[in-house]
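Colleague: Here it is, the structure, as structure tokens.
No value in this document is a laboratory result; all are computed from the given coordinates. No experiment lies behind these values; they were computed from the predicted model shown. A quick note on method: Cβ atoms are made from the backbone with ideal geometry, for glycine too, and the neighbour counts reach across all protein chains shown.
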Amino acid sequence: MTVYEGSILTVDRMDTITRYLVEDAGRIVYVGDCLPERYRSAPRVQLGGRTLCPAFVDTHEHLASFATFNAGLNVMNARSNEEIKQMISDFLPSSKMKIVIAFGASPYSVKEGRLLNRDELDSVCPDRPFFMVKYDGHACIVNTALLNQVKEKVSALRGYHPESGEMNQEAFFAVSDYITASLSIPDLVCNIQHAIDYLASKGIGMVHSVSGVGFVRDLDISLENWLSKSVQHGFSVRVFPQSMDINAALKRGLPRIGGCFKCALDGCFGSGDAALKHPYSNDASNDGVLYYSDETVIDFCMRANRAGLEIEMHAIGDAAFEQATKALKAALDDYPRGDHRHGIIHACLPTEEGLKICADYGIHLPMQTSFIDWPQEPDAYLVSILGSERALQLNPLRTMWDRGIVLSAGSDAPCTDPDPILWMYKACNHSIPGQSLTIQEALRMCTYNGAWVSFDDGERGSLEVGKIADMCILSDNPYTMNAKDLRKLYVESLILGGCAYQDQKQSWISAVVKGMLARV
């Protein structure tokens, strides 16, 4: 039993702030302003100027991909292609990867204003296959050694550009499948364990992982499902199979389906293939790419909804958002469900009609506030491709919130760093006037709403009697801070099930076997 005394941000329905919280055997047994006599002799944690709040939830992350890229070379902070080449040269001698992986390249954050090309990669890595993924996770650059390995698999696909080495759209997905299929299970499991430790260091106690990126028979979905049952020290993983085949979820006993890749309805702004209702401002011949017909998406949603699954789909552009909302509406009109918790990931450029459907039908939106004024995709770039009027309609958090739409927060890692403090800062300091959330709303978005999305709100997400003691100690009280100062806030420790989080220790074999044998 432990008593916490200080500022307790419960994030309950009333956003109650209390002085005491008592944890016993991993559960919260008391929350209030006066400590009952029966708890007064228990060990006490004096918070002082610090604050206790619920553990954070990342509601959209590619865990296996993040784990893989986290073990590779991150070039996201480079500000020139020459710097990236030097980073590659420095990284290669210490890397044991058969296929060298780098992530985070952006033409909008380097002085050259373009991605590296195949010849430049060959100049620093001529012999080993090299896979450099663009920051948005929707395109890559390959060197000649890797191109020679994948050419037969991708040469007939849309997005194949051998001269520059850039692969996007279907060609990118095919190359990604090839890369992930080359990873060994021991390496992947160990990388995921290290990634979970990293997430915990940021105060994240639960992650919603979207899986299904190229392993034979969707092994990564099974693997993450097993790890979700065997992960140590109270960390929680909720797996979404990225598939339009509902059996990918049903045969594994998973209650949810969706994500990106095969559940992506369009591309992204960085590659100019997010699906728009009107052409891009810088290219009147381009209105992006809708990957599926309306009939295909509606059929998927109807089948998944009738099977009782929770559905999530990727939609960046307004045409894709409208397609997603209409498909979910059709599915719910066909087979009404009172508490489905279907969602649309990203929802960067929503439409008025689509937002009305979301509000009327209870469709939630897992948002990536890290995309707001994002160095890898700056506001000036978005204005240049969308025009100033459409750019002012991006990520309208205030509009969504005021309509009663449930917003949660996700990193889309590896696209952005999974950092809940950054999510809150961006949500409260929106670059579009009038679209910011309050600090209380931002904390709810990052905690309770995240647990709600996966039906975990009965056990987690707020600090209330009877719930699991999944909590964070923050360095300060965000409620008393100026929104501009939120970046000064940091997570001091993560407490899961009443115990301070410890790094994952079990072997990869133990982690997999325990998960395979687990009943729940």
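Colleague: What is the Cα centroid distance between the range 111-160 and the range 292-336, reported in whole angstrom?
Modeller: 34 Å
Colleague: While we're looking at this one, here's another question. Please list, in order along the range 460-473, the HN-Hα scalar couplings obtained from phi with the Karplus expression 6.51 cos²θ - 1.76 cosθ + 1.60 (θ = phi - 60°), rounded to whole Hz, x for Gly and Pro.
Modeller: Couplings: 9, x, 9, 9, 9, 4, x, 7, 5, 7, 9, 9, 10, 9 Hz.
Colleague: If you don't mind, there's one more thing I want to ask. Using the C-alpha atoms of the range 1-141, what convex hull volume per residue, in cubic angstrom, is computed?
Modeller: On the way: hull volume 27.3 nm³, N = 141.
For the range 1-141, the hull spanned by Cα atoms encloses 194 Å³ per residue.
Colleague: Quick one: of the DSSP bridges fully inside the chain, what percent are antiparallel, nearest 5?
Modeller: On the way: 33 of 69 bridges.
Bridges in the chain are about 50 percent antiparallel.
Colleague: Using only Cα atoms and rounding to the nearest 10 degrees, what angle (0 to 90) does helix 352-361 make with the longest principal axis of the chain?
Modeller: That helix lies at roughly 40 degrees to the long axis.
Colleague: If amide hydrogens are placed 1.01 Å from N in the peptide plane, which non-local residues have theirs closer than 5 Å to the one on K467?
Modeller: I28
Colleague: Starting from the Cα of D299, step 7 Å along the direction of its Cβ; do the same at D283; then give the gap between the two resulting points in nm.
Modeller: 2.9 nm
Colleague: Please report how far the C-alpha centroid of the range 174-245 lies from that of the range 433-458, rounded to the nearest whole angstrom.
Modeller: First find each Cα centre; the distance between them is then 24 Å.
Colleague: Using the Karplus curve 6.51 cos²θ - 1.76 cosθ + 1.60 with θ = phi - 60°, work out ³J(HN,Hα) for each residue of the range 331-345 in order, rounded to whole Hz, and write x for Gly and Pro.
Modeller: Computed from phi, the couplings for the range 331-345 are 5, 6, 5, 5, 8, x, 9, x, 9, 7, 6, 5, x, 10, 6 Hz.
Colleague: Same structure, new question: Please give every one of the lysines within straight-line cross-link reach of K151, meaning a C-alpha to C-alpha distance under 19 Å, and leave out same-chain neighbours fewer than 8 residues apart.
Modeller: Within the straight-line cut-off, K151 pairs with K98.
Colleague: Can I ask one more? For the range 341-428, rounded, prolate or oblate, judged on the Cα gyration tensor with a ≥ b ≥ c (square roots of eigenvalues), a/c < 1.5 rounded, else prolate if a/b > b/c?
Modeller: It comes out oblate by the Cα gyration axes.
Colleague: At D360 and R403, where each label point lies 7 Å from the Cα along Cα→Cβ, what is the point-to-point distance in nanometres?
Modeller: 1.1 nm
Colleague: Which entry in (i) 182; (ii) 227; (iii) 147 is this structure's computed volume of the Cα convex hull per residue in Å³?
Modeller: (iii)
Colleague: Something else now. Within the range 77-118, list the trypsin sites (Lys or Arg not before Pro) lying in a DSSP loop whose Cβ has at most 16 other Cβ atoms in a 10 Å radius. It would help to have the intermediate numbers written out before the result.
Modeller: On the way: sites: R79, K85, K96, K98, K111, R114, R118; in loops: R79, K96, K98, K111, R114.
Sites meeting the loop and neighbour criteria: R79, K96, K98, K111, R114.
Colleague: Please identify the trypsin sites (Lys or Arg not before Pro) of the range 327-424 that satisfy two criteria: DSSP loop assignment and at most 16 other Cβ atoms within 10 Å. Which are they? Before the final figure, lay out the partial values.
Modeller: Working: sites: K329, R337, R341, K356, R390, R398, R403; in loops: R337, R341, R403.
When the trypsin sites (Lys or Arg not before Pro) of the range 327-424 are filtered for loop state and at most 16 Cβ neighbours within 10 Å, R337, R403 remain.
Colleague: Let me ask something else. Identify the residues of the range 465-495 with backbone N under 15 Å of a label point that sits 7 angstrom from the Cα of Y39 along the Cα-to-Cβ direction, or state none.
Modeller: So the set is 465-471.
Colleague: In percent, how large is the relative contact order of the range 240-365, given Cα pairs closer than 8 Å and 6 or more residues apart?
Modeller: Numbers: 244 pairs, mean separation 28.9, N = 126.
Relative contact order, the range 240-365: 23 percent.
Colleague: Could you give the angle, 0 to 90 degrees to the nearest 10, between helix 144-154's Cα long axis and the longest principal axis of the Cα atoms of the chain?
Modeller: 90 degrees
Colleague: What angle, in degrees between 0 and 90 and rounded to the nearest 10, separates the Cα long axis of helix 219-230 from the longest principal axis of the Cα atoms of the chain?
Modeller: That helix lies at roughly 10 degrees to the long axis.
Colleague: Is the shape of the range 295-391 best called rounded, prolate or oblate, per the rule: a/c under 1.5 gives rounded, else a/b larger than b/c gives prolate, else oblate, with a ≥ b ≥ c the square roots of the Cα gyration tensor eigenvalues? Intermediate results must be reported in sequence, preceding the final value.
Modeller: On the way: a/c = 2.57, a/b = 2.25, b/c = 1.14.
Because a/c hits 1.5 or more and a/b exceeds b/c, the range 295-391 counts as prolate.
Colleague: What whole number of Å gives the distance from the Cα centroid of the range 262-282 to the Cα centroid of the range 462-520?
Modeller: 36 Å
Colleague: Could I have the simple spin-label model distance between S164 and K488, label points 7 Å from Cα toward Cβ, reported in nm to one decimal?
Modeller: If labels sit at S164 and K488, their model points lie 4.4 nm apart.
Colleague: Quick one: what are the phi-derived ³J(HN,Hα) couplings along the range 506-517, Karplus 6.51/-1.76/1.60 with θ = phi - 60°, whole Hz, x for glycine and proline?
Modeller: Coupling constants for the range 506-517: 6, 5, 5, 5, 4, 4, 6, 5, 4, x, 5, 8 Hz.
Colleague: What net charge do the residues around D122 carry, taking every other residue with its C-beta under 12 Å from that of D122, with Lys and Arg at +1 and Asp and Glu at -1? Don't skip to the end; give the middle numbers.
Modeller: Details: positive: K85, R118, R128; negative: D119, E120, D127.
Its environment carries a net charge of 0.
Colleague: Name the shape class, rounded, prolate or oblate, that the alpha-carbon gyration tensor gives for the range 178-258, where a ≥ b ≥ c are the square roots of its eigenvalues, rounded holds for a/c under 1.5, and otherwise prolate holds if a/b is larger than b/c and oblate otherwise. Don't skip to the end; give the middle numbers.
Modeller: Working: a/c = 2.06, a/b = 1.28, b/c = 1.61.
Verdict is oblate for the range 178-258.
Colleague: Which of the lysines could a cross-linker span from K356 if the Cα-Cα distance has to be under 16 Å and same-chain partners fewer than 8 positions apart are dropped?
Modeller: Result set, ordered by chain and number: K326, K329.
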